[in-house]
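> Sharing a structure, written as structure tokens. Questions coming.
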Amino acid sequence: MAQMFINGEWVDARSGATYEVKNPANGETIDTAPLGDAADANAAVESAKAAFKDWAAMAPDARAEILHKGINLAKEQVKDLAALLTKEQGKPFMESMGELNHCLHGMEFYVGLASKIRGSQVPLPPSMNPNCYGVIMKQPVGICVGIVPWNFPITLMGTKVGPALIAGNPIIVKPASTTPLTTLKIIGILNEAGLPAGILNCVTGPGSKVGSALIGHQDVRRVALTGSSETGRQVMETAGPDFKRITLELGGSDPMIVCPDADMKKAVNGAMIGRFWNAGQACLAVKRLYLFEEIYDEFLEQLVGKVGRYEPGDGMEKAEKPRIRMGPLHTAFQREEIEEQLQDAVDNGAKVLVGGKRPEGNEQGYFFEPAVVENVAEDSKLVTEEVFGPVLPVFKVSNLDEAIAKANNSKWGLGSSIWTNNMKYANQAAREIQSGMVWVNQIHFGYDEMPFGGVKASGIGHEHGPEALDYYFEPKSVVFGGLD
Ligand code: NAD
């Protein structure tokens, strides 16, 4: 029976309530987790408050050393952690290993930045006082809350924990209800490395209760959410009245544009991985594919042939080559939503070129055959909604202006890509596509080193990179006079 981690201890929910965490590949119960509520959230904030001052006063190198030790301890257990992640999330073991390594690498990035944090000194106009100058201090922002979704529960926990701790803040993690187990293990390991009690807490339970209690707590100053755009609105409403510092990493509907001169093999591979990694349950997945008419038929032939090689199945079992393993959808709801979106497109004239149905056998898992679809109406759900599963709508375009106009005809603006060797095309796309990121001849991926965030309904602020660290500081302007 899993427990929460509050104030340096493993604890049950104060109410004693628990819930079952299930394996999406077979419906079996993996473990139970505490069903936390506002009382647990409040206890976590209290412990963070008590620990904050000493942690903020500690030398950045000393903080970094503890986190680094925790990361190394997690590395020793990475295979067990990855197996647990596959069981609770569904993704193939190889993808879980990738996620764990990504998370640990991301936190290491912030360990490396600890000793490089700088404020600044500002010369001031002499008219008021010739002997005064300004200093901009970087002070830890205060108690942080990290709210994490189920699709990349570990990486997206690390993108919040790493910078929060290195900047000198305590943080309380709220994992998605369906993926608390690996998160709890890692938070336990990081604490084992020597974090003071209360600096890194984890409270499990529903977002509507635990999440909103944490965000609404008067002592919390900083909220980092990764989740849907709808949840982003709710979080903004809860955090707004007290002017809390928020970053929102939300949904997306990334366009991918392939020009006639693109390296076809690489672009097909980019579409495959970009759309179908994690069974398509990724914010930055390729969700709309725009192909120039000159290459439309050839590209689709190659893509459809490759997509047909996917074999949905238990993520702990390897597929036999040339088949490629795809795990189940994470929940029954996810699969039903995808089926409904696909049906809506078909009802409006779309043609399914491959996949698009539940495979036979294993009725207990939420499996779905990945699909490629053409002739999709622009007003169908596959275009207007976020498609959080393995279905790829493909569109024919006759020039780049048309492709960019269609790419921008979306309420989201997270990522986008263009595949071309034409520098003019690449430059136009980089400048004109409305998105937080543009990949040129590169698979959609969030690098630890690069700021990552969206525009429009995809959110505000950034994670990753040195830029993200700034969201965990409050700059304070100090003017020194009286020096003459
Ligand atoms: P979700 O919004 O349902 O839940 C995300 C987290 O928010 C969960 O921990 C949930 O319990 C919590 N939550 C829900 N309601 C809340 C509330 N009112 N107050 C506080 N917390 C609340 O999202 P999900 O289904 O877990 O994840 C999928 C979504 O996340 C997709 O839309 C995807 O695009 C998005 N996502 C975005 C990024 C990014 O970096 N932009 C990355 C991954 C996923």
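> For ASP379 and ARG14, calculate 0.36 nm times their separation in residues minus their Cα-Cα distance, and state this gained length in nm to one decimal. Show your work: numbers first, answer last.
Values: separation 365, 0.36 × 365 = 131.40 nm, distance 4.79 nm.
Computed gain between ASP379 and ARG14 is 126.6 nm.
> Amide H of LEU392 versus every other amide H placed in the peptide plane: which residues, excluding those fewer than 5 positions away on the same chain, fall under 5 Å?
Result for LEU392 returns ALA371, VAL372, VAL373.
> Okay, moving on. Per the helix-only calculation at 222 nm, which mean residue ellipticity applies to the chain, given -39500 (n - 2.57) for every DSSP H run of n ≥ 4 and division by its residues, nearest 500 deg cm²/dmol? The partial results should precede the final answer.
Details: 15 runs with 180 residues, N = 484.
Calculated from helices alone, the mean residue ellipticity at 222 nm is -11500 deg cm²/dmol.
> Which FRET efficiency value, to the nearest 0.05, do you get for ALA197 and VAL479 by plugging their Cβ-Cβ distance into 1/(1 + (r/R0)^6) with R0 = 41 Å? Intermediate results must be reported in sequence, preceding the final value.
Details: r = 38 Å, r/R0 = 0.92.
Once the sixth-power term is evaluated, E becomes 0.60.
> Further, regarding this structure: Hey, rough spin-label estimate for VAL135 and LYS116, points 7 angstrom out along Cα→Cβ, what's it come to in nanometres?
Modelled inter-label distance: 2.4 nm.
> Ignoring everything but the protein chains, give the 1.4 Å probe accessible area of LEU353 in square angstrom, nearest 10.
That residue has around 50 Å² of solvent-accessible surface.
> Continuing with this model, one more query. Under the classification rounded if a/c is under 1.5, otherwise prolate if a/b is larger than b/c and oblate if not, where does segment 12-61 fall, given a ≥ b ≥ c as square roots of the Cα gyration tensor eigenvalues? Could the numbers behind the result be given before it?
Values: a/c = 5.54, a/b = 2.00, b/c = 2.77.
Because a/c hits 1.5 or more and a/b fails to exceed b/c, segment 12-61 counts as oblate.
> Assuming R0 = 22 Å, what is the FRET efficiency of GLU237 and ALA39, from their Cβ-Cβ distance, to the nearest 0.05? Mind showing how you got there, number by number?
Numbers: r = 23 Å, r/R0 = 1.03.
Taking R0 as 22 Å, the efficiency between GLU237 and ALA39 is 0.45.
> In Å, what Rg and Dmax follow from the Cα atoms of segment 143-264?
So, for segment 143-264, Rg and Dmax equal 16.3, 58 Å respectively.
> Test of understanding: what is the full-extension gain from HIS105 to ASN422, defined as 0.36 nm times their sequence separation minus their Cα-Cα distance? Intermediate results must be reported in sequence, preceding the final value.
Values: separation 317, 0.36 × 317 = 114.12 nm, distance 3.34 nm.
In short, 110.8 nm is gained.
> Take each complete run of DSSP H in the chain, measure how far its Cα atoms stretch along the helix's own axis, and keep only those covering 27 Å or more with mean Kyte-Doolittle hydropathy at least -1.0; list them. Show your work: numbers first, answer last.
Values: long enough: 38-57 (29 Å, 0.08); 93-113 (30 Å, 0.27).
Membrane-span-like by this rule: 38-57, 93-113.
> Have a look at the DSSP beta bridges in the chain and tell me what percent are antiparallel, nearest 5. Before the final figure, lay out the partial values.
Numbers: 29 of 66 bridges.
Around 45 percent antiparallel, to the nearest 5.
> At what distance in nm do the modelled label points of ALA430 and THR32 sit from each other, each positioned 7 Å from its Cα along Cα→Cβ?
Placing both labels 7 Å beyond Cα along the Cβ direction yields 5.6 nm.
> Can you give the accessible area of ARG233 in Å² (nearest 10), computed on protein heavy atoms with a 1.4 Å probe?
Approximately 120 Å² for this residue.
> Turning to a different aspect of this structure: Convex hull over the Cα atoms of the chain, averaged projected area in nm²? If you can, show how the numbers build up before the last one.
Details: hull surface 99.7 nm².
Its average projected convex-hull area is 24.9 nm².
> Simple spin-label model, 7 Å along Cα-to-Cβ: LYS357 to MET128 in nm?
7.4 nm
> Rounded, prolate or oblate: which fits segment 287-330, taking a ≥ b ≥ c as square roots of the Cα gyration tensor eigenvalues, rounded meaning a/c under 1.5, else prolate when a/b beats b/c? Write down the numbers at each step before the final one.
Details: a/c = 5.58, a/b = 2.12, b/c = 2.63.
Because a/c hits 1.5 or more and a/b fails to exceed b/c, segment 287-330 counts as oblate.
> For segment 354-471, count all C-alpha to C-alpha pairs, find those more than 21 Å apart, and express that count as a whole percent of the total.
Values: 3514 of 6903 pairs.
Roughly 51 percent, once rounded to a whole number.
> Heavy atoms only, probe 1.4 Å: what % of the accessible area of segment 319-406 goes to carbon and sulfur, would you let me know?
Details: 1820 of 4040 Å².
Percent of accessible area from carbon and sulfur atoms in segment 319-406: 45.
> Now a separate question. Put GLU311, GLU249 in order of accessible area, largest first, 1.4 Å probe: what do you get? Each step should come with its number before you reach the end.
Numbers: GLU311 55, GLU249 10 Å².
Most to least solvent-accessible, the answer reads GLU311, GLU249.
> Taking only protein heavy atoms into account and a 1.4 Å probe, give the accessible area per residue of the chain in Å². Display every interim value, and only then the final one.
Working: 20010 Å² over 484 residues.
Spelled out: the 1.4 Å probe surface of the chain, per residue, equals 41 Å².
The values are calculated or read from the model by the stated rules, or taken from the named source; none is laboratory data. Predicted model, so just to flag it, every value in this text is computed and none were measured. Don't worry about glycine lacking a Cβ; one is built from the backbone with ideal geometry, like all the others, and counts go over all protein chains shown. These accessible areas exclude ligands, DNA and RNA; they are computed on the full protein's heavy atoms, side chains included. Shrake-Rupley method; radii C 1.70, N 1.55, O 1.52, S 1.80 Å.
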